[in-house]
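Undergrad: One structure, as structure tokens, below. Some questions next.
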Amino acid sequence: MRLAWIVMAMSMAAQAAPPATAADGRIRVQLMSRHAVTLSSEIPAKISAMPVVEGGGFRRGQPLVEFDCSSYRAQLRKAQASLEAASQLLKVNNQLAKYNSVGTLELTQAQGKAKEAAADASYAQTLVSKCSIAAPFDGRVAKRSAAVHQYVNPGNPILDIVDADSLELRMLVPSKWLATLKPGSRFSVAVDELGASFPARIERLGAQIDPVSQTILAIGVIDGKAANLLPGMSGWASFK
């Protein structure tokens, strides 16, 4: 009984999922963003601000996540004070060394402390620089995986962002099409969600053929601007 139910479920799923290639030669196509990134923290900290809401747009360089880094800034101030003190000590010892008033050991130790303090200050500055995550490109927020006031550890996902203005059309075409399909080949794509067709062209082809399905990846782009297209949409590509 259980086996029969599994077989029936698999059959229904196969019927629900659209085939990759239609009987009339059309190819199933997926719209994907060239730039899609999951942002995460590089330091353990509490989120203090996330100014862009889900679906909201942003510009490259705009802060998307800010952390409460009061403790890291305090450590930086301490490290900078230690560096200043070590630098002053080294300066005095260098002056005394000119008059043979300080030993080689004391001078070497002062130099070592100055280098150590400089390294500590540099490390603290690096931590503070990670207290904000800036947008790597123009785009939109696709998903929030964390919230303001939430404490996150390094690597925890916070935001999924996409560049909705830079889309690719990905499809698997029969490898025998390589005789005629080239970069620049034109086709039209009917997008299911919009019920509309758009002119497109092949931008590049995959680097290898799948020996089982005898298909190869083809990547196309929409000709012109289409502001209503979004990553995740799908449709059918028709080639002449």
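The values are calculated or read from the model by the stated rules, or taken from the named source; none is laboratory data. Note that the coordinates shown come from a computational prediction; the quantities given were computed from them, not determined experimentally. FYI the Cβ positions are ideal-geometry reconstructions off the backbone, even for glycines, and counts take in every protein chain you see. The protein model used for the area step is the full one, side chains on, heavy atoms only, and it has no ligands, DNA or RNA in it. Shrake-Rupley method; radii C 1.70, N 1.55, O 1.52, S 1.80 Å.
Undergrad: With (1) closer than 20 Å to ALA142 by Cβ; (2) free of Cβ contacts under 8 Å to residues at least 40 places away in the same chain; (3) aliphatic (A, V, I, L, M) as the list, and LEU229 as the residue in question, which single condition is left unmet?
TA: Just one mismatch for LEU229, condition (2).
Undergrad: Sticking with this one: Can you confirm whether LYS176 is among the basic types (Lys, Arg), in a helix (DSSP H, G or I) and either free of Cβ contacts under 8 Å to residues at least 60 places away in the same chain or open to solvent by less than 60 Å² (accessible area, probe 1.4 Å) (or both)?
TA: yes
Undergrad: Determine which member of the set SER188, SER129 is free of Cβ contacts under 8 Å to residues at least 60 places away in the same chain, open to solvent by less than 80 Å² (accessible area, probe 1.4 Å) and under 30 Å from PRO44 (Cα atoms). Break it down into steps so the answer makes sense when it comes.
TA: Numbers: SER188 fails: under 30 Å from PRO44 (Cα atoms).
Going through SER188, SER129 in turn, just one is free of Cβ contacts under 8 Å to residues at least 60 places away in the same chain, open to solvent by less than 80 Å² (accessible area, probe 1.4 Å) and under 30 Å from PRO44 (Cα atoms): SER129.
Undergrad: Still on this structure, please answer the following. Step by step: first the residues of the range 103-137, then only those that are touching a strand residue (DSSP E or B) at 6+ places or on another chain (Cβ under 8 Å) and outside any loop (DSSP other than H, G, I, E, B), then the one that is farthest from LYS78 (Cα to Cα). Which residue is that?
TA: Within the range 103-137, the match that is farthest from LYS78 (Cα to Cα) is ALA134.
Undergrad: Within the range 204-219, identify whether any single residue is under 17 Å from ARG34 (Cα atoms), of a type in the set (S, T, N, Q) and open to solvent by 50 Å² or more (accessible area, probe 1.4 Å), and answer yes or no.
TA: Keep residues of the range 204-219 that are under 17 Å from ARG34 (Cα atoms), which gives 204-206, 217-219.
Okay, now just the ones that are also of a type in the set (S, T, N, Q), so none.
No, the range 204-219 has no match at all.
Undergrad: While we're here: Between a residue in the range 90-119 that is farther than 18 Å from GLN80 by Cβ and any residue that is open to solvent by less than 60 Å² (accessible area, probe 1.4 Å) and not in a helix (DSSP H, G or I), which pairs come within a Cβ distance under 7 Å, given they are 6 or more apart or on different chains?
TA: Qualifying pairs under 7 Å: ASN93/VAL102; LEU96/VAL102.
Undergrad: Could you look through the range 138-149, keep only residues that are in a loop (DSSP other than H, G, I, E, B) and surrounded by 13 or more Cβ atoms within 10 Å (Cβ to Cβ), and pick out the one that is nearest to the chain's Cα centre (by Cα)?
TA: Taking the range 138-149 as the starting set, the residues that turn out to be in a loop (DSSP other than H, G, I, E, B) are 138, 145-149.
Now narrow it down to the ones that are surrounded by 13 or more Cβ atoms within 10 Å (Cβ to Cβ): 138, 145-146, 148.
Values: ASP138: 12, SER145: 14, ALA146: 16, VAL148: 21 Å.
If we take residues in the range 138-149 being in a loop (DSSP other than H, G, I, E, B) and surrounded by 13 or more Cβ atoms within 10 Å (Cβ to Cβ), then ASP138 is nearest to the chain's Cα centre (by Cα).
Undergrad: Also, quick follow-up: Of the residues that make up the range 193-200, is at least one in contact (Cβ under 8 Å) with a residue 60 or more places away in the chain and surrounded by 12 or more Cβ atoms within 10 Å (Cβ to Cβ)? First the steps, then the outcome.
TA: Within the range 193-200, the first condition is being in contact (Cβ under 8 Å) with a residue 60 or more places away in the chain, and the residues that meet it are none.
No, that holds for no residue.
Undergrad: Condition (residue is assigned to a loop (DSSP other than H, G, I, E, B), free of Cβ contacts under 8 Å to residues at least 40 places away in the same chain and exposed (fewer than 13 other Cβ atoms within 10 Å of the Cβ)) applied to the range 150-166: is it met by at least one residue?
TA: Within the range 150-166, none of the residues are assigned to a loop (DSSP other than H, G, I, E, B), free of Cβ contacts under 8 Å to residues at least 40 places away in the same chain and exposed (fewer than 13 other Cβ atoms within 10 Å of the Cβ).
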